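A.B. asks: Quick one: the structure is below, questions incoming.
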Amino acid sequence: MKPLPVDAYVEGVRARERAMLARAITLIESEHPRHEALAQEVLTRLLPHTGGALRVGISGVPGVGKSTFIDALGMHLVGLGKRVAVLAIDPSSTVSGGSILGDKTRMARLSRESTAYIRPSPSSGTLGGVARKTRETLLLCEAAGFDVVLVETVGVGQSETVVADMVDFYLVLMLAGAGDELQGIKRGILEVADMIAINKADGDNVSRAERARAEYRAALHLMRPGAEPEVTTCSALENTGIERVWSSVAKRLEALRESGQLQKRRKSQQIHWMWSMIEDGLLAALHAHPEVASLGPRLEQDVREGRATPTSAARRILGAFLSGP
């Protein structure tokens with residue numbers, strides 16, 4: 001699709017035109033250098049109109065019912081008069097080529113709402129690249145007047161900290177009745193979670209969910225004494241506990257806003273984002289360097305067969321890179 005003039009994107013997004021928002025996001029996702037320059041110009045023009053949305057990250061173990069939960073939470077927010085955008089960041093897509101969100105099929109109710117917008121992540125690229133596109137898509141959604149942006153991640157690898165660095169509140173969904181409740185908790189999740197919600201607390205699973213809640217709270221008390229995130233239960237299927245979850249999220253974000261901590265956190269995230277992009281750019285330039293491309297495979301073989309240490313090999317590669325093309 002041929003790019004439009006900058007004014008067309010800016011005015012269309014500001015006018016809340018869904019088709020133009022979709023085209024602007026497609027422009028951001030493009031890998032073409034000319035498109036990237038145009039996308040940054042569009043974002044720069046829209047930047048003064050961003051920052052008004054509540055940014056909430058949602059993660060969870062496989063099978064926890066993230067899509068059902070987001071569908072239920074999104075419908076609750078729509079019922080409160082909120083405009084809701086759902087974005088997905090999928091680090092596994094770099095291998096499978098697919099989207100964890102499964103497009104809009106798993107959020108049937110929310111996808112039919114005129115005040116909701118669902119966008120899956122790009123299907124390729126590094127985790128850093130996918131994160132950059134998700135961050136910039138988030139800004140476009142804010143400029144388009146959405147009140148809440150939900151960022152979904154599959155919850156593997158580094159995705160917890162990546163998403164935590166772009167949202168105001170990080171909600172982790174857990175599952176009860178799947179064996180040892182504490183065994184599957186990753187330290188990364190515990191360190192960044194602002195709330196843990198045990199989903200599928202319905203039917204015969206209610207008592208197990210309550211036991212899991214007690215175990216999670218005990219574990220968090222040991223790991224984060226004095227700063228434990230809230231632990232609650234809910235059932236997205238039966239739509240119970242969803243209102244309580246959002247009430248807690250909104251109350252926490254309002255307190256952060258009033259104290260000035262929310263703005264401080266966002267500014268810190270912006271600086272971290274800048275340096276992350278610099279690191280990604282340097283790494284890309286390193287791999288594209290002709291001498292490094294030639295030297296790299298030989299040094300890998302030397303390290304593999306014990307003829308060189310990783311440190312000495314790394315120094316040779318960096319020396320080749322810093323000496324110029």
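The values are calculated or read from the model by the stated rules, or taken from the named source; none is laboratory data. Since this is a predicted model, take the numbers as computed values, not measurements. Cβ placement follows ideal geometry from the backbone for every residue including glycine, while neighbour counts extend to all protein chains displayed. Just so you know, the surface numbers come from the protein's heavy atoms only, side chains and all, with ligands and any DNA or RNA stripped out. Shrake-Rupley method; radii C 1.70, N 1.55, O 1.52, S 1.80 Å.
A.B. asks: Suppose the filter is at pLDDT 90 or above, among the polar types (S, T, N, Q) and surrounded by 16 or more Cβ atoms within 10 Å (Cβ to Cβ); does S235 pass it?
C.D. replies: So S235 fits the description; yes.
A.B. asks: Answer with yes or no whether A227 is of a type outside the set (D, E) and open to solvent by less than 70 Å² (accessible area, probe 1.4 Å).
C.D. replies: yes
A.B. asks: For the stretch 31-43, check the following and say yes or no: at least one residue is under 17 Å from the mean Cα position of the chain (by Cα) and in contact (Cβ under 8 Å) with a residue 60 or more places away in the chain.
C.D. replies: no
A.B. asks: Pull up the stretch 272-291, narrow it to residues that are open to solvent by 40 Å² or more (accessible area, probe 1.4 Å) and within 17 Å of the chain's Cα centre (by Cα), then point me to the one that is farthest from L253 (Cα to Cα).
C.D. replies: The residue in question is M277.
A.B. asks: Looking for whichever is in a loop (DSSP other than H, G, I, E, B) and either touching a strand residue (DSSP E or B) at 6+ places or on another chain (Cβ under 8 Å) or under 25 Å from Q269 (Cα atoms) (or both) here; the options are G52, G57. Which one fits?
C.D. replies: Within the list G52, G57, the selection yields G52.
A.B. asks: Does the stretch 1-16 hold any residues that are in a loop (DSSP other than H, G, I, E, B) and without any contact (Cβ under 8 Å) to a residue 60 or more places away in the chain, and which are they?
C.D. replies: Passing the criteria: M1, K2, P3, L4, P5, A15.
A.B. asks: Looking at the stretch 195-202, can you tell me whether even one residue there is in contact (Cβ under 8 Å) with a residue 60 or more places away in the chain, under 22 Å from G81 (Cβ atoms) and within 23 Å of the chain's Cα centre (by Cα)?
C.D. replies: No, the stretch 195-202 contains no residue that is in contact (Cβ under 8 Å) with a residue 60 or more places away in the chain, under 22 Å from G81 (Cβ atoms) and within 23 Å of the chain's Cα centre (by Cα).
A.B. asks: Among residues belonging to the stretch 37-64 that are open to solvent by less than 20 Å² (accessible area, probe 1.4 Å) and closer than 19 Å to D194 by Cα, point out the one that is modelled with the lowest pLDDT.
C.D. replies: By that ranking, first place goes to G60.
A.B. asks: From the list E191, E210, which one is open to solvent by 60 Å² or more (accessible area, probe 1.4 Å), at pLDDT 85 or above and closer than 29 Å to E254 by Cβ?
C.D. replies: Going through E191, E210 in turn, the sole match is E210.
A.B. asks: So, one more: Report, ordered by the first and then the second residue, all pairs with beta carbons closer than 9 Å, sequence separation of six or more or different chains, a first member in the stretch 285-309 that is closer than 15 Å to S323 by Cα, and a second member that is of a type in the set (S, T, N, Q) and not in a helix (DSSP H, G or I).
C.D. replies: Listed pairs, sorted by first residue: E291/S323.
A.B. asks: Given (1) assigned to a helix (DSSP H, G or I); (2) touching an Asp or Glu at 6+ places or on another chain (Cβ under 9 Å); (3) open to solvent by 30 Å² or more (accessible area, probe 1.4 Å), where does G74 come up short, assuming only one miss?
C.D. replies: (3)
A.B. asks: For the stretch 1-16, what are the residues that are open to solvent by 90 Å² or more (accessible area, probe 1.4 Å) and modelled with pLDDT of 95 or more?
C.D. replies: Within the stretch 1-16, E11, R14, R16 qualify.
A.B. asks: Look through the stretch 137-182, keep the residues that are in a helix (DSSP H, G or I) and of a type in the set (G, A, S), and return whichever of them is modelled with the highest pLDDT.
C.D. replies: A143
A.B. asks: Using the structure shown, decide if V303 is among the β-branched types (V, I, T) and over 33 Å from the mean Cα position of the chain (by Cα).
C.D. replies: Judged against the criteria, V303 is a match.
A.B. asks: Is at least one residue of the stretch 253-269 small (G, A, S) and touching a residue at least 12 places away in the same chain (Cβ under 8 Å)?
C.D. replies: There is no residue in the stretch 253-269 that is small (G, A, S) and touching a residue at least 12 places away in the same chain (Cβ under 8 Å).
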